[in-house]
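Following: one structure in structure tokens, then a few remarks.
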Amino acid sequence: MVVCSALSLQFGSAVAATLFPRAGALGVVALRLVFSALLMLAVCRPRVRGHSRTDWAAVTGLGIALGTMNSLFYQAVERVPLGAAVTLELLGPLVLSVVGSRRALSLVWAGLALAGVYLLGSGGFDTLDLAGGAYALGAGAMWVAYILFNSRTGARFPKADGLALALALAALLSAPLGVASAGRALLDPVTLGLGAAVAVLS
């Protein structure tokens, strides 16, 4: 399941990259998050009432982290090869895993994971765009926030209800930016279809 999830996520990013000429990075983020939110809300049908302020704070943090992480990552993929963007983004959770662990062996595993991802994406580092690299590193930092808020949200909401609500918030935050960036291009049927595919794969 982990391997299938990783493959699906990367295929989703690859399809998203083909959408950039049509809708731009922010337009693709908006499509991905709006379709993801609609799908998750339909499947989970989360209860909106009866939650505390602390519950909503966790969902809000997760929604902001989701929206920002995706926006930064797709801005990176628009500027640098996918392999390089993923490698730089992965630094965030790798650092978190090392900091959160109390065993020296974790450093070895984190180093091996980073080396493996670097080898897979090393072809894109020779002419790395600095802005793209910065976006990817920012996405990695937001990935850390996503992991932390996802843990809190999962502890406070049943099943995937918290994630569905967070995706709805992320979609609300990203949609205006996508519309301002891509405009009517987002209404093209092919663009909508590919955006839905990105949402399902990712």
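The values are calculated or read from the model by the stated rules, or taken from the named source; none is laboratory data. Please read all numbers here as calculations on a predicted model, not as lab measurements. As a convention, Cβ positions derive from the backbone with ideal geometry for all residues, glycine included, and neighbour counts pool all protein chains shown. These area figures cover heavy atoms from the full protein model, side chains too; ligands, DNA and RNA do not enter into them. Shrake-Rupley method; radii C 1.70, N 1.55, O 1.52, S 1.80 Å.
Taking the condition at pLDDT 95 or above and either open to solvent by less than 50 Å² (accessible area, probe 1.4 Å) or not aliphatic (A, V, I, L, M) (or both), does residue 185 pass?
no
Among (1) open to solvent by 20 Å² or more (accessible area, probe 1.4 Å); (2) without any contact (Cβ under 8 Å) to a residue 60 or more places away in the chain, where does residue 60 come up short?
The single condition residue 60 does not satisfy is (2).
Would you mind finding the one in 45, 103, 79, 49 that is of a type in the set (Lys, Arg) and surrounded by 16 or more Cβ atoms within 10 Å (Cβ to Cβ)?
79
In segment 154-168, which residues are in a loop (DSSP other than H, G, I, E, B) and open to solvent by 50 Å² or more (accessible area, probe 1.4 Å)?
Listed by number, the residues that qualify are 158, 159.
Pull out all pairs, ordered by first then second residue, where Cβ-Cβ is under 6 Å, the residues are six or more apart or on different chains, the first lies in segment 140-167 and is charged (D, E, K, R), and the second is modelled with pLDDT of 95 or more and surrounded by fewer than 22 Cβ atoms within 10 Å (Cβ to Cβ).
Filtered contacts from segment 140-167: 156/55; 161/44; 161/46.
Need the failing condition index for residue 108 against (1) crowded, with 17+ Cβ neighbours inside 10 Å; (2) at pLDDT 85 or above, just the number.
So residue 108 meets the others, but not (1).
Name, by its number, the condition in (1) touching an Asp or Glu at 6+ places or on another chain (Cβ under 9 Å); (2) not in a helix (DSSP H, G or I) that does not hold for residue 72.
All conditions pass for residue 72, except number (2).
Checking the condition among the aliphatic types (A, V, I, L, M), in contact with a Phe, Trp or Tyr (Cβ under 6 Å, 6 or more places away or on another chain) and crowded, with 16+ Cβ neighbours inside 10 Å, which residue from 136, 141, 65 passes?
65
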